[in-house]
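For reference, the structure discussed in these notes is given below.
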Amino acid sequence: MGDNRPTRQWGYRCCRTLCDTFAVVRSDIAMFDKFSPSALQAVFHARGQASLFGTEIMTPELLLLAILRWHALDVSSLIGNKSDRNEELRKQIEEQIPRGETFSTSVDLPISKELELVFQHAIEEVSGTEYKIVQLGHLLIGVLREEGCCAAQVLRANGVELELVRQRMLKSH
């Protein structure tokens, strides 16, 4: 087995950066410690999307947009989608995100209640499985479990089913 220290160091730095960047309370810091480097990257990229769109709060839609943009192949295998379909999904998600004036990525940004629940759902999905930390697929499942959010509605409208994603996630391990 190879040495994972560089990846873990990046994950640790990203977690600390996320905690510094978001208006995160101390109890939430431990939550990000349970995320894989790729899941942390997705959250970090979602923060960048918030800055570009000028939104004042992190939402599941921004997280899904980041996952689709930077982890398209991983997502395609889980939702049974061709990667060219991801562009259409991204457009549909972007239509749901309110626009504002862009701002610096160094501004503190709160996490919406919906996104907090998505993170909690993702952590719950890891419990009782062979996975030790939250992967991208768990974040996707977390979005789908938060049924009232626009991101989940867009996924379901495009034929993405929670149980199918969950099964594919378990098979990928």
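Values quoted throughout were computed directly from the atomic coordinates according to the rules given, and no laboratory measurement underlies them. Just so it is clear, the structure is predicted and the values come from calculations on it, not from any experiment. Note: ideal-geometry Cβ built from the backbone for every residue, glycine included; neighbour counts use all protein chains shown.
In terms of modelled amide H atoms, which long-range or inter-chain residues lie less than 5 Å from the amide H of Ile111?
Those qualifying (amide H under 5 Å, at least 5 residues apart or on another chain) are Ala23, Met58.
Hey, how many Å between the Cα centroid of the range 93-151 and the Cα centroid of the range 30-44?
If you average the Cα positions of each part, the centres end up 11 Å apart.
In what order do Ile141, Ile133, Ile67 fall by count of nearby beta-carbon atoms within 10 Å, going from fewest to most?
Values: Ile141 24, Ile133 16, Ile67 29.
The order, fewest Cβ neighbours first, is Ile133, Ile141, Ile67.
Work out, step by step, the length gained on full extension between Ser172 and Leu52: first 0.36 nm times the residue separation, then minus their alpha carbon distance; give nm to one decimal. Walk me through the intermediate numbers first.
Numbers: separation 120, 0.36 × 120 = 43.20 nm, distance 3.29 nm.
This chain segment gains 39.9 nm when fully extended.
Under a cut-off of 20 Å between alpha-carbon atoms, report the aspartates and glutamates in cross-link reach of Lys34, not counting same-chain residues fewer than 8 places apart.
Candidates past the 8-residue exclusion: Asp3, Asp20, Asp74, Glu114, Glu116, Glu124, Glu125, Glu130, Glu146.
Whole-Hz Karplus ³J(HN,Hα) for the range 37-43, in order, using 6.51 cos²θ - 1.76 cosθ + 1.60 and θ = phi - 60°, x for Gly and Pro?
x, 5, 5, 5, 4, 4, 5
Which ³J(HN,Hα) values in Hz, rounded to whole numbers, follow from the phi angles of the range 114-129 under the Karplus curve 6.51 cos²θ - 1.76 cosθ + 1.60, where θ = phi - 60° and Gly and Pro get x?
Going residue by residue, I get 4, 5, 4, 5, 4, 4, 5, 4, 4, 5, 4, 5, 6, 4, x, 10 Hz, with x marking Gly and Pro.
Non-local amide H neighbours of Val134 (under 5 Å, H modeled in plane, Pro and chain starts lacking H): which ones?
Residues meeting the criterion, in which the H sits 1.01 Å from N, are Phe35, Ser36.
Hey, for a label at Thr102 modelled as a point 7 Å past Cα toward Cβ, could you say which residues of the range 38-56 have their backbone N under 14 Å away?
Residues passing the 14 Å test: 48-55.
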